[in-house]
Amino acid sequence: VQLQACGGGLMQTGDSLRLSCVVSGRASRNYHMGWFRQAPGKEREFVVRISASGGSTYYANSVKGRFTISRDNAKNMVYLQMNTLKPEDTAVYYCAAGPAVGYIDAERSYDYWGQGTQVTVSS
């Protein structure tokens, strides 16, 4: 499975932005997909996960109500719609894929990672 995240940019507080993740490879549709982020000087943290079917999602409290994850298995795409952006959302965002086992918010539950895309939110 190969992943490629894109769509980052320089935004202002309150703006909206949509990140995309192109998913390719055998059986990629069978994987749960997650977004993580890493702010400068901090450890990478969980943002959100969507199940393989797209039927269930799980959000970190810090983004709940502002971010929305979706996937289009026909197009092999995963999206992260980010609304009401805040300066604390500034980070490199990574998409990841993993099987349906393990803790939802744990990095070790994801076997495949894309390169990050930078999101910067100015105040």
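The values are calculated or read from the model by the stated rules, or taken from the named source; none is laboratory data. Note that the structure is a prediction, hence the values are computed from the model and not measured. Cβ: placed from backbone, ideal geometry, glycine included. Neighbour counts: every protein chain shown. Just the protein is used for accessible areas: all its heavy atoms, side chains included, with ligands, DNA and RNA removed. Shrake-Rupley method; radii C 1.70, N 1.55, O 1.52, S 1.80 Å.
Condition first: free of Cβ contacts under 8 Å to residues at least 60 places away in the same chain and among the acidic types (Asp, Glu). Can you find one or more residues in segment 71-79 that meet it?
Yes: segment 71-79 contains one or more residues that are free of Cβ contacts under 8 Å to residues at least 60 places away in the same chain and among the acidic types (Asp, Glu).
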List the number of the failed condition for residue 108; all other conditions in (1) in a helix (DSSP H, G or I); (2) within 24 Å of residue 2 (Cβ to Cβ); (3) of a type outside the set (Ser, Thr, Tyr); (4) touching a Ser or Thr at 6+ places or on another chain (Cβ under 9 Å) hold.
(4)
Pairs returned, first residue in segment 86-114 that is farther than 13 Å from residue 38 by Cβ, second residue that is part of a helix (DSSP H, G or I) and of a type in the set (Ser, Thr, Tyr), beta-carbon separation under 9 angstrom, 6 or more apart or interchain, are 97/28; 98/109; 99/109; 101/109; 102/109; 103/109; 112/28
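Name every residue in segment 38-59 that is under 13 Å from the mean Cα position of the chain (by Cα) and either open to solvent by 20 Å² or more (accessible area, probe 1.4 Å) or free of Cβ contacts under 8 Å to residues at least 24 places away in the same chain (or both), in order of residue number. Working first, answer last.
As a first pass, look at segment 38-59 and keep what is under 13 Å from the mean Cα position of the chain (by Cα): 38, 44-51, 57-59.
Matches in segment 38-59: 38, 44, 45, 46, 49, 57, 58, 59.
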Which of the residues that make up segment 9-37 are within 20 Å of residue 83 (Cα to Cα), of a type in the set (Gly, Ala, Ser) and open to solvent by 40 Å² or more (accessible area, probe 1.4 Å)?
14, 16
In this structure, does residue 64 turn out to be farther than 12 Å from residue 31 by Cα and at pLDDT 95 or above?
yes
Tell me which residues, restricted to segment 89-113, are open to solvent by 10 Å² or more (accessible area, probe 1.4 Å), touching a helix residue (DSSP H, G or I) at 6+ places or on another chain (Cβ under 6 Å) and over 13 Å from residue 46 (Cα atoms).
102
Here the residues within segment 60-82 that are open to solvent by less than 50 Å² (accessible area, probe 1.4 Å), farther than 20 Å from residue 108 by Cβ and not in a strand (DSSP E or B) are 63, 66, 73
The residue that is nearest to the chain's Cα centre (by Cα), considering only those in segment 83-105 that are aliphatic (A, V, I, L, M) and in a loop (DSSP other than H, G, I, E, B), is 104
Name, by its number, the condition in (1) closer than 16 Å to residue 3 by Cβ; (2) in a strand (DSSP E or B) that does not hold for residue 119.
(1)
